[in-house]
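Written below as structure tokens is the structure these notes are about.
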Amino acid sequence: MKMLREWFGKPPTRFFPGRQACAFWCLCRPMPDLLRPSLYSRPLTMKCYPRTGVMSPDNPQKPSPIAQARAWIANSRKLLFFVGAGLSKASGIKTFRDEDGLYQDRRVEELAHVDSFFHQREIMLSWYQHRRQQLLNVSPNEGHRALAAAAKTHDVVVATQNVDDLLERAQQNMQVTCPVWHVHGALAQVRCHDCGLAFNDLTLDLGTLPVCEACHGPLRPGVVWFGEALPPEPLQESFAAAQACEVCVLVGTSGVVYPAAMIPEQAAAAGARLIEVNPNTSGLSHLCDISIRGPADEILPQIFEGLN
Ligand SMILES: [Zn+2]
């Protein structure tokens with residue numbers, strides 16, 4: 001009986017030193033990776049939902065979610081940031097859904113469709129020029145700076161759904177660099193619709209319908225429109241980073257836009273820790289080991305404080 005009590009009286013981490021068991025000892029983390037059932041076949045009851053609950057500030061024996069996230073990041077080398085609009089919100093960037101959904105009495109979803117490039121090019125490009133102009137009047141926030149600084153100490157890859165270039169500007173200011181893959185394209189980029197020639201220029205006025213110097217084809221913003229396929233290279237590189245990372249940090253993303261949302265799903269399936277920073281529950285919250293509720297420009301500096 002004593003042996004049995006000893007056997008059941010201790011969490012299973014005794015067999016796997018250094019791995020933390022959740023409150024229900026559900027074994028989903030301590031189990032060696034080879035034996036772990038795949039993410040998709042794992043029954044719901046095996047998931048680690050109570051994990052965030054036990055690490056509340058009310059329980060001084062357990063680290064807070066921010067301290068736990070910091071510890072996981074400190075003990076890892078490869079990080080993947082999966083970024084959404086929440087990161088740039090504090091800088092004043094509006095998503096096109098924020099602007100009443102209208103531009104000159106036209107629905108913006110209609111203007112962001114590839115068909116508009118052929119049927120109402122002038123108003124479409126003047127709307128994009130309006131959005132590009134907004135980028136010139138904003139600057140990176142504390143969230144961008146915390147994320148850029150992480151590249152000083154870790155192998156960082158960023159997969160962003162944002163079309164702004166604020167993260168690159170934060171990196172330039174701090175003189176650090178890491179791959180930033182824009183899976184939905186970039187507003188700062190101008191591309192020839194015919195020959196694909198691309199360059200970065202925020203000052204070129206697309207509203208004047210400029211043409212390509214090489215082939216005289218029409219120039220367009222380097223973003224992905226509704227009705228178009230995502231560019232293959234950013235997606236492939238993001239999936240490769242998801243496969244390789246030890247920790248994946250989801251920043252300010254609703255997690256409902258596919259196929260981009262498959263990137264953190266891939267990281268979870270490959271065994272990475274998932275940390276979510278978002279004021280609201282997202283479509284990917286159920287996959288995350290920790291969900292920290294709050295805006296990115298406040299939470300990210302707290303997580304990375306002292307790590308750089
Ligand atoms: Zn061209």
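Summary of computed values
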| item | result |
| --- | --- |
| In segment 215-232, residue farthest from the ligand (Cβ to nearest atom) [restricted to those that are farther than 22 Å from HIS130 by Cβ and at pLDDT 95 or above] | HIS216 |
| Unmet criterion (only one of (1) more than 16 Å from the ligand (Cβ to nearest atom); (2) out of contact with any helix residue (DSSP H, G or I) (no Cβ under 8 Å at 6 or more places or on another chain)) for PHE199 | (1) |
| Filtered residue count, segment 173-210, keeping only those that are modelled with pLDDT of 95 or more and of a type in the set (Val, Ile, Thr) | 3 |
| Residue in segment 183-196 that is surrounded by the most Cβ atoms within 10 Å (Cβ to Cβ), counting only those that are within 16 Å of the ligand (Cβ to nearest atom) and not in a strand (DSSP E or B) | HIS193 |
| Residue in segment 166-182 that is away from the ligand (no atom under 16 Å from the Cβ) and closer than 20 Å to VAL108 by Cβ present | yes |
| Flag if VAL257 is within 18 Å of GLY84 (Cα to Cα), modelled with pLDDT under 95 and hydrophobic (A, V, I, L, M, F, W, C) | yes |
| Segment 244-272: number of residues that are β-branched (Val, Ile, Thr), touching a helix residue (DSSP H, G or I) at 6+ places or on another chain (Cβ under 7 Å) and not in a helix (DSSP H, G or I) | 3 |
| Filter result for ALA261 (of a type outside the set (Ser, Thr, Tyr) and free of Cβ contacts under 8 Å to residues at least 40 places away in the same chain) | yes |
| Members of segment 132-148 found to be touching a Phe, Trp or Tyr at 6+ places or on another chain (Cβ under 7 Å) and closer than 17 Å to TRP181 by Cα, listed by number | LEU147 |
| Residue check, ASP205 surrounded by fewer than 18 Cβ atoms within 10 Å (Cβ to Cβ) and either of a type in the set (Val, Ile, Thr) or within 16 Å of the ligand (Cβ to nearest atom) (or both) | no |
| Meets criteria (surrounded by fewer than 17 Cβ atoms within 10 Å (Cβ to Cβ), in contact with an Asp or Glu (Cβ under 7 Å, 6 or more places away or on another chain) and at negative phi) for GLY227 | no |
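Residue-by-condition table, conditions (1) more than 15 Å from the chain's Cα centre (by Cα); (2) buried (at least 18 other Cβ atoms within 10 Å of the Cβ); (3) more than 26 Å from LEU111 (Cβ to Cβ); (4) among the hydrophobic types (A, V, I, L, M, F, W, C):
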| position | (1), (2), (3), (4) |
| --- | --- |
| ALA267 | no, yes, yes, yes |
| ARG273 | no, yes, yes, no |
| GLU276 | no, yes, yes, no |
| GLU305 | yes, no, yes, no |
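The values are calculated or read from the model by the stated rules, or taken from the named source; none is laboratory data. Because the structure is a prediction, the values reported are computed rather than measured. Reconstructed Cβ throughout: ideal geometry from the backbone, glycine too, with neighbour counts over all protein chains shown.
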